[in-house]
Amino acid sequence: MVLKTMRAAEFVNPGENAEIRITERPVPKPQSGEVLIKIHAAGINRPDLAQMAGRYNPPPGITDIPGLEVAGEVVALNGTDNFAEGDKICALLSGGGYAEYCTVPAPQCLPLPKNHDFVQGAAIPENFFTVWVNLFDHGRLQKGENLLVHGGSSGIGTAAIQLGKAFGATVAVTAGSDKKCAACLDLGAAQAVNYKTQDFVEILGKDSTDVVLDMVGGDYLPRNMAVLRDRGRHVSIAGQRGWTAEISIFDIMRKRLALTGSTLRPRSIAEKGAIAEQLRTHVWPLFDNGTIAPVIHETLPLEQVTEAYTLLKSSRHIGKIILKITS
C-alpha cells in the first residue's frame, strides 16, 4: 500500500548556516513515463553537500529533497512498460532520494544486480554512471592504457579502479592515507600514492599516463598535464581544490592533449537513459558475476543523516555512505 505522506529530509536555510531535518512530505505521483519507487536505501554524495551549501540547486521542476541515487521496489507506474510493480531496482535521480518514496523516469532505472541487496544497489548509480561516461566516453580509455584516478578511496574512486581494471587498464590512484592506499591496492590498483607524503608526479613519472580522472582541480591540473603522455586525455569531474588553474597552452599543443569534463545531474532523460543502457550491457554482467562490487563504508538510518554528512565531510570513509530508509 502506498501512503499519502512520507518521511523525507529537507535542507533548512541552504547556505553557510544550513541544517538538515526530517519532515513529512506528500508522496509524489508518477508522471507519464515515470515509476514510483518505495525506497529502501539511498546513497549520499558530495553534490548533496554542495546543494546544502546553496551551490548546486536542483534543475527546474525537480524536488528540493536531496538524494541522487536509490534502490527499492516499484510500487506504481505511469505510461511505461520497462518495469512491473514489485520489481527490485536501483535508479539515478535528479533529486528526491532521501525519502520513503520517489518518482523517476523509467530510463534512469536499472534492475538490482544479482545477489545484491538494496544497500548495495543504492551505492551504484551515481558513481558508476559518472565513472562510465567519463572514463569510456569522454576519456576514451582503452585496454592496455594507464589510468590515474585522484581520490581513489572515494565512491567514485573505488568504482573507477574496478572498471578501469575490468576493461584492461593499469590503474594508479592518489589517496590521503596509507590505509586508503592499501584499500585501493586491494581493489586492483597497481600503484597508490599517498598525496599527503608523496608527489604523484615524481612517483608516476612525467609522460606516464594516458587518462587522468580528476575530482581535485585547482593546482592539480598542471601536475596532471605533466604526467599525461602524448595524446593524453584529462577528464574533470569536480574541483575540490578550486575551479580555476593556470596551465600552459603550449603543453596542450605540444603533447596534443585533450582536456574535457562533464556533470551528470543536468543531463537530459534521454542522455541518462543511454548511459543506463550502456551500463546494463557492459557493466551489469560484471556485477552479476562478482567481478566488481560497490564498496560500502557505513550504513546509517535516515534519522542520522546529519551524522552521515559529518562522516562524508571528514573524508575518513573508504567507499560509499548509505542511508537506510525502510527495512
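The values are calculated or read from the model by the stated rules, or taken from the named source; none is laboratory data. Since this is a predicted model, take the numbers as computed values, not measurements. Please note: Cβ atoms are built from the backbone with ideal geometry, for glycine as well, and neighbour counts cover all protein chains shown.
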Problem - Top-ranked residue of segment 207-238 - restricted to ones that are β-branched (Val, Ile, Thr) and outside any loop (DSSP other than H, G, I, E, B), ranked as nearest to the chain's Cα centre (by Cα) - result: VAL235
Problem - Any hit, segment 299-309, residues being free of Cβ contacts under 8 Å to residues at least 40 places away in the same chain, closer than 30 Å to ALA106 by Cβ and assigned by TED's automatic domain parsing to the domain that holds GLU73 - result: yes
Completion exercise
Taking first residues from segment 210-221 that are more than 24 Å from GLN142 (Cβ to Cβ) and second residues anywhere that are surrounded by fewer than 21 Cβ atoms within 10 Å (Cβ to Cβ) and β-branched (Val, Ile, Thr), the pairs with Cβ under 8 Å that are 6 or more apart or on different chains are GLY218/THR244
Problem - Enumeration of residues in segment 280-317 that are modelled with pLDDT of 95 or more, charged (D, E, K, R) and farther than 24 Å from GLU10 by Cα - result: ARG280, ASP288
Exercise for the section: Filter segment 20-47 down to residues that are without any contact (Cβ under 8 Å) to a residue 24 or more places away in the chain and within 17 Å of GLN304 (Cβ to Cβ) and give me whichever is surrounded by the fewest Cβ atoms within 10 Å (Cβ to Cβ). Expected result: ARG21
Problem - Test result for SER236, assigned by TED's automatic domain parsing to the domain that holds GLY152, within 30 Å of PRO111 (Cα to Cα) and among the hydroxyl-bearing types (Ser, Thr, Tyr) - result: yes
Exercise for the section: Could you tell me whether segment 84-99 includes any residue that is modelled with pLDDT under 95 and among the polar types (S, T, N, Q)? Expected result: no
Practice task
With respect to LEU77, determine if the residue is surrounded by fewer than 22 Cβ atoms within 10 Å (Cβ to Cβ) and assigned to a strand (DSSP E or B).
Solution key: yes
Handout entry: Filter result (of a type in the set (Gly, Ala, Ser) and within 28 Å of ASN78 (Cβ to Cβ)) within segment 1-37
Key = ALA8, ALA9, SER32, GLY33
Completion exercise
Per the filter on segment 249-262, residues surrounded by 12 or more Cβ atoms within 10 Å (Cβ to Cβ) and outside any helix (DSSP H, G or I) are LEU257, ALA258, LEU259, THR260, GLY261, SER262
Handout entry: Boolean, ALA270 is crowded, with 16+ Cβ neighbours inside 10 Å and either modelled with pLDDT of 95 or more or not in a helix (DSSP H, G or I) (or both)
Key = no
